[in-house]
Every structure is written in C-alpha cells, then in structure tokens.
Amino acid sequence: HYPSRNGNVSCFIDRIDPVVYTRRHGADADMPGSNGPLNQSTLDDYERDGFVILDDVFTEDEVALFQTELDVLRASPDIRRCDAVIREPGSDDVRSIFRVHAISALFQKLSVDNRLAGSAQQLLGDQVYIHQSRLNFKPGFRGKEFYWHSDFETWHVEDGMPAMRALSMSVTLAENSALNGPLLLIPGSHKSYLSCEGATPEKNFRTSLK
C-alpha cells in the first residue's frame with residue numbers, strides 16, 4: 001500500500017490506516033488501552049495533528065534520574081565500544097545510543113511505564129512492542145542535525161513494517177528552544193505518505209543514522 005524507493009517519481013500517497021484505534025475503529029472495552037491515560041480531547045488532538053505534547057508527565061526527581069543515567073551511559077567505555085552507539089560524523093562524540101531499553105535497567109523500566117506504554121496501547125488499540133529505542137544527545141554546536149524525515153517510510157521499506165499502526169514517543173530531558181536544536185513537526189503530515197525516489201544503499205543505516 002505504501003511503495004517507495006522503487007524507481008518512480010516521489011509523490012504523496014493518502015494514508016489508509018487509522019490514526020487512533022481505540023474508541024474510534026471498533027476496539028472493544030476488553031482490548032488493551034481501552035481505559036488508557038489519555039483523555040478524549042488529547043485523542044482528538046492526536047488524530048487531527050498527528051502528535052500531542054504532554055507536559056509534566058514525569059516528576060522532577062524522575063527526570064533528574066534519567067539525566068544522570070544518560071550521562072553515565074555516554075561516559076561508559078563499554079557502552080562507547082558497542083555497536084549500538086552512533087557517533088557524530090568526523091568526531092568521537094556520541095550522537096545516539098540504540099537499544100537503550102535493553103542496555104539500561106532504568107530505561108527498560110521507563111519503556112514499560114504505563115504513562116508511555118499505556119498511552120501507546122490506547123492509541124493503537126492493542127498490545128505493543130518496541131520497534132526501536134534510542135537516546136539522542138545532539139552535542140551543542142558540534143552535533144549534526146537530524147534531517148526532515150518520516151520514521152514510517154524507513155521502517156516500512158528497510159525493516160518491513162507493514163502498516164502505520166505505530167507511533168514514536170520522545171521524552172525530552174533538556175529544555176528545547178529555537179536556539180538549541182528543537183524537534184520540529186508538521187501538523188497534519190501524518191495523513192499522507194511521501195514516497196522517495198532512488199533505491200536503498202547496502203547497509204544504509206550505518207551512514208544514514210549519522
């Protein structure tokens with residue numbers, strides 16, 4: 001349903017998958033997420049815009065623990081040597097640590113916290129699993145940007161994810177402003193799929209993640 005990188009000209013394709021499954025698309029009261037933590041107004045915003053921003057989900061003490069843990073992981077020689085670490089191009093600065101829920105007991109606990117997992121179950125109307133987890137560090141002034149992209153196009157073409165029954169969650173552990181590399185989102189862009197031209201180079205992820 002969502003072709004891409006097949007030699008055709010890039011184009012927009014209408015989304016055919018639901019955005020919110022629970023309470024909208026036949027999910028019954030016994031399905032996971034039917035009584036999740038998100039209210040109806042938040043579900044409506046998510047369906048309209050494709051994202052929601054939730055403030056104060058975690059306490060200041062919890063955020064402080066997460067911040068300490070990310071510093072410990074970034075400084076660990078064992079972690080820096082493992083293939084889950086992506087470095088900035090042209091330097092040894094850590095850009096991202098993948099599989100972080102499998103590396104850190106604290107972030108594994110966070111990944112199944114009902115405030116996250118329960119929200120995902122509510123939006124997707126089913127049990128959930130983690131397709132990808134990572135810490136993004138973005139070193140100040142030296143860190144390369146993350147280009148405009150669609151997670152699903154990559155997961156669909158390179159990983160074989162069949163449908164848009166997925167979502168991304170970000171927990172921001174530093175203040176985001178226009179001056180320090182904020183996450184930019186386009187409201188409503190989730191309603192279209194943008195196919196890409198060209199083909200996927202061999203082991204593309206090793207360079208594209210940089």
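The values are calculated or read from the model by the stated rules, or taken from the named source; none is laboratory data. In this text the structure is predicted, and so the values were computed from the model without any measurement. When we count neighbours, we look across all protein chains shown, and the Cβ atoms used for this are built from the backbone with ideal geometry, even at glycine. Surface areas here come from the heavy atoms of the whole protein model, side chains and all, with no ligands, DNA or RNA. Shrake-Rupley method; radii C 1.70, N 1.55, O 1.52, S 1.80 Å.
Brief remarks follow.
- Annotation note: Cβ proximity below 8 Å between a residue of the stretch 162-188 that is closer than 23 Å to THR68 by Cβ and a residue that is among the charged types (D, E, K, R) and open to solvent by 50 Å² or more (accessible area, probe 1.4 Å) (sequence gap 6+ or interchain) occurs for GLY181/LYS138; GLY181/GLU145.
- Qualifying residue in the stretch 17-39 (condition: more than 19 Å from MET169 (Cβ to Cβ), modelled with pLDDT of 95 or more and not charged (D, E, K, R)): no
- Every residue from the stretch 73-95 that is assigned to a helix (DSSP H, G or I) and either touching a residue at least 24 places away in the same chain (Cβ under 8 Å) or surrounded by 12 or more Cβ atoms within 10 Å (Cβ to Cβ) (or both): LEU73, ARG74, ILE79, ARG80
- Picking from residues in the stretch 190-200 that are open to solvent by less than 60 Å² (accessible area, probe 1.4 Å) and among the small types (Gly, Ala, Ser), the one that is farthest from ASP17 (Cα to Cα) is GLY198.
- Filtered by the rule that a residue be at pLDDT below 90 and within 14 Å of ASP151 (Cα to Cα), the stretch 185-209 gives PHE205, SER208, LEU209.
- Taking residues in the stretch 115-127 that are under 16 Å from PHE51 (Cα atoms), and partners anywhere that are among the basic types (Lys, Arg) and open to solvent by 10 Å² or more (accessible area, probe 1.4 Å), the pairs with Cβ atoms closer than 6 Å and at least 6 places apart or on different chains are LEU124/ARG165.
- Qualifying position, being under 19 Å from VAL171 (Cα atoms) and in contact with a Phe, Trp or Tyr (Cβ under 7 Å, 6 or more places away or on another chain), among ARG99, ARG134: ARG134
- Among the residues of the stretch 38-61, those identified as outside any helix (DSSP H, G or I) and among the polar types (S, T, N, Q) are ASN39, THR59.
- Selection status of LYS203, under 18 Å from ALA84 (Cβ atoms), assigned to a loop (DSSP other than H, G, I, E, B), open to solvent by 60 Å² or more (accessible area, probe 1.4 Å) and not aliphatic (A, V, I, L, M): yes
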